[in-house]
1. Quick check on packing: order 98-107, 50-59 by the mean number of other C-beta atoms within 10 Å, highest mean leading.
2. Which residue fluctuates the most in the chain, going by a Gaussian network model with Cα springs under 10 Å, if the choices are ILE216, ILE130, ILE225?
3. Accessible area per residue, 1.4 Å probe, Å², for the chain: what's the number?
4. Which net charge results for the neighbourhood of CYS95, defined as the other residues with beta-carbon distances under 14 angstrom from its beta-carbon, given Lys and Arg at +1 and Asp and Glu at -1?
5. Relative contact order for the stretch 130-265: what is it in percent, counting Cα pairs under 8 Å that are at least 6 residues apart?
6. Explain nothing, just the number: relative contact order of the stretch 55-158, from Cα pairs under 8 Å at least 6 residues apart, as a whole percent.
7. Lysine pairs in the stretch 119-188 8 or more apart or on different chains: how many have alpha carbons under 22 angstrom apart?
8. Can you list the equivalent-ellipsoid semi-axes of the stretch 1-86, largest first and in whole Å, using the square root of 5 times each Cα gyration tensor eigenvalue?
Amino acid sequence: NSVLSQTYSNIEIIVVDDGSTDGTKKVADYYLGKNQIVYLRQDNKGLSGARNAGIKIAKGEYLALLDADDLFHPTKIEKQFLFIENNQDCDFCYCDVNFFIDGKPDKILKSRYKYYSGNVFEHLLKANFINPSTLFFRKQTFDKFGAFDESFKGAEDLEYYLRVSLKGAKFCFINEPLFLSRIRKSGNLQSNQVLMQSSILKIFEDIKLKLSPENIKKYHLENVINKRKLKLALAYLMNGDKKSCRNILKETPIPDTFKLIIYLLSILPKFISKSFINKLIIAKRNFLYR
């Protein structure tokens with residue numbers, strides 16, 4: 001509905017049903033035939049596979065992504081289209097984001113992320129501040145830099161941004177919230193955290209293989225990787241896998257204070273350590289969204 005309500009109306013909508021089991025087809029049937037909507041059903045391939053499939057059959061000159069549950073501001077497509085038309089050197093245009101908690105659509109939150117334009121490679125090593133549903137770009141740009149890597153089942157968007165940035169892609173930020181992202185009440189505090197942190201760690205380790213020793217030092221990549229190992233250790237601890245948590249700590253050169261804290265958490269009963277880490281994540285989320 002948020003796409004159908006765009007002020008820029010010349011839009012082809014492609015709904016990729018990535019092997020869903022939640023009645024997506026029944027919802028889509030209501031719109032099919034009434035609007036310029038294409039419905040594509042495929043076996044589950046994950047976010048990368050779904051995006052690649054939709055982009056492959058898209059007929060338009062420009063592309064915009066929209067993940068399930070999130071919303072476009074009515075002027076998003078129009079404003080990003082005008083911006084990228086007037087900035088031909090821009091490869092990927094992205095915008096600011098507002099957030100809302102599921103079930104509380106009237107309570108709008110902002111994030112404390114900092115946004116950047118130009119080559120954003122170095123900034124992405126610190127945090128992924130680009131929501132894929134804020135992107136607007138030419139289809140020929142996607143063809144130039146390549147598709148999403150379908151081998152990644154987590155953090156696939158971060159892998160893509162870093163890869164295209166290394167190839168010289170220019171990102172342009174519009175300082176206006178043209179997108180609404182839904183925050184689940186549960187906060188997704190436990191599910192898939194090991195997968196997510198493992199994926200991010202692999203992304204950075206793969207990048208290290210591509211960089212010269214000078215650039216590894218320039219970007220402080222060893223420190224970046226060690227911080228990610230620490231987060232993976234915590235993710236294992238949340239899942240009750242104390243052995244994997246301790247193995248990471250043994251091989252990771254991180255400050256002894258952090259190691260001691262995590263070791264102490266790994267000794268405590270699972271429900272206590274899990275509760276403590278959940279509270280830390282909630283505190284971080286409450287700080288990030290205001």
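The values are calculated or read from the model by the stated rules, or taken from the named source; none is laboratory data. Keep in mind that this is a model prediction, so the values were computed, not measured. Here the Cβ positions follow ideal geometry from the backbone for every residue, glycine too, while neighbour counts run over all protein chains shown. Remember, those area values only see protein heavy atoms, side chains included, never the ligands or the DNA or RNA. Shrake-Rupley method; radii C 1.70, N 1.55, O 1.52, S 1.80 Å.
1. The most tightly packed comes first, giving 50-59, 98-107.
2. In this elastic network of the chain, the residue with the biggest mean-square fluctuation among ILE216, ILE130, ILE225 is ILE216.
3. Normalised by residue count, the accessible surface of the chain is 55 Å².
4. Working: positive: LYS76, LYS79, LYS110; negative: ASP70, GLU78, ASP96, GLU176.
Net charge in that neighbourhood comes out at -1.
5. On the way: 75 pairs, mean separation 26.8, N = 136.
It comes to 20 percent, rounded to a whole number.
6. It rounds to 39 percent for the stretch 55-158.
7. Total qualifying Lys-Lys pairs in the stretch 119-188 comes to 7.
8. So the three semi-axes of the stretch 1-86 are 23, 15, 12 Å.
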